[in-house]
Amino acid sequence: MTTDRKKLFEEISSLSTEQRNPNSMNIDFETTEGILRIINNEDKTVPFAVEKELKYIEQAVETIVAAIKNGGRLLYFGAGTSGRLGVVDASECPPTYGTPYDLVQGFIAGGKKAMFRAQEGAEDHEENGAKDVIKAKVNSKDVVCGIAASRRTPYVIGAIKKAKELGAKTLYITCTPRETFNIPNVDTAICVNVGPEVIMGSTRMKSGTAQKLVLNMLTTASMIRLGKVYENMMIDLQMTNKKLLERSKRIVMTITGVSYEEAEEYLAKADGHVKTALVMILAKVDVNEAKSRLKKADGFVRKAIALN
């Protein structure tokens, strides 16, 4: 075994995500019910691990909100399951919160084809991550978030390193203990220590669940802070399909008390923009005044309604 290969072997062997889980040592002898109970019991521990990192998730949200207000973007970089989760989270922001398609982006080692079939070796080179950062035209206004369950993925480290060189703020989501986190160039690290997986090294399980929970928090909290939610309802969604069209009407009806037909009428006048329709109804103003108020209120409906 060469020195480099031995070093990699020892590095991987020491990771918490690569240890054997004592609670699932006999899982291969279990009934189907027994297997499922073991998995379920381990899954229950994940939210508590996330809870321990809330102050760091808060820091990350504040960084994201400040960047977006300053004209920046949020870009995820990951490999395998981690990369796919980033791409999924990014792709769901436009229909859910009406964001431009380039505001939140996800990049996966190996490119688009890696979303559907593993591209072996794509994650093994830092330069691949750096190239994707350059291709994305990352600048000092942006936030680059690396996602790597093991923390050591070269593709992700390369992306973070290059992003920092370009002046971007950097975040890192990993599922290893904070005391072992040693990645330089990271402004905020979120270290959700989920412990050994049910199946040794299968980080699509607890680690993947933890990463999904954190990503949900990052974008949801950021969008709330950016005025895209009224009470607990999405009000900046894009009516890109029939479901979202009817959801938009229901949101307008629920908040204002108007009828189905009235909601449809106001949305038509507002060019399908839910926030504008809400301000028109609740502040009793025309479409131009509603748009003006929303602009003055930085997109917050409550503030727009209160303006004289």
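The values are calculated or read from the model by the stated rules, or taken from the named source; none is laboratory data. Just so we're clear, the structure is a prediction, and the values are computed from it rather than from any experiment. With ideal geometry, Cβ positions are generated from the backbone for all residues, glycine too; neighbour counts draw on all protein chains shown.
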_With the structure loaded, tell me whether ARG302 is surrounded by 18 or more Cβ atoms within 10 Å (Cβ to Cβ) and closer than 23 Å to ILE68 by Cβ or whether it fails that test._
no
_Selected residue [out of contact with any Cys (no Cβ under 9 Å at 6 or more places or on another chain), aliphatic (A, V, I, L, M) and within 30 Å of VAL274 (Cα to Cα)] from ILE57, ILE64_ = ILE57
_Check on GLY208, at pLDDT 95 or above and over 30 Å from LEU36 (Cα atoms)_ = no
*Identify, from the list VAL138, VAL144, VAL133, the residue that is assigned to a helix (DSSP H, G or I) and either surrounded by 24 or more Cβ atoms within 10 Å (Cβ to Cβ) or not assigned by TED's automatic domain parsing to the domain that holds GLU53 (or both).*
VAL133
*Considering (1) at pLDDT 95 or above; (2) farther than 21 Å from SER91 by Cβ, say which one VAL133 fails and leave the rest.*
(2)
*Name the residues in the stretch 147-171 that are under 30 Å from MET205 (Cβ atoms) and part of a loop (DSSP other than H, G, I, E, B), would you?*
ALA148, ALA149, SER150, ARG151, ARG152, THR153
*asked:* So, THR176, is that one at negative phi, touching a Lys or Arg at 6+ places or on another chain (Cβ under 7 Å), assigned to a strand (DSSP E or B) and of a type outside the set (A, V, I, L, M) or not?
replied: no
*asked:* Could you check the stretch 1-48 and list, in sequence order, the residues that are among the aliphatic types (A, V, I, L, M), modelled with pLDDT under 90 and either in the same structural domain as LEU215 (by TED's automatic domain parsing) or surrounded by 12 or more Cβ atoms within 10 Å (Cβ to Cβ) (or both)?
replied: LEU8, ILE12, LEU15
*asked:* For the stretch 188-208, check the following and say yes or no: at least one residue is over 21 Å from ALA49 (Cα atoms), touching a helix residue (DSSP H, G or I) at 6+ places or on another chain (Cβ under 6 Å), outside any loop (DSSP other than H, G, I, E, B) and among the hydrophobic types (A, V, I, L, M, F, W, C).
replied: no
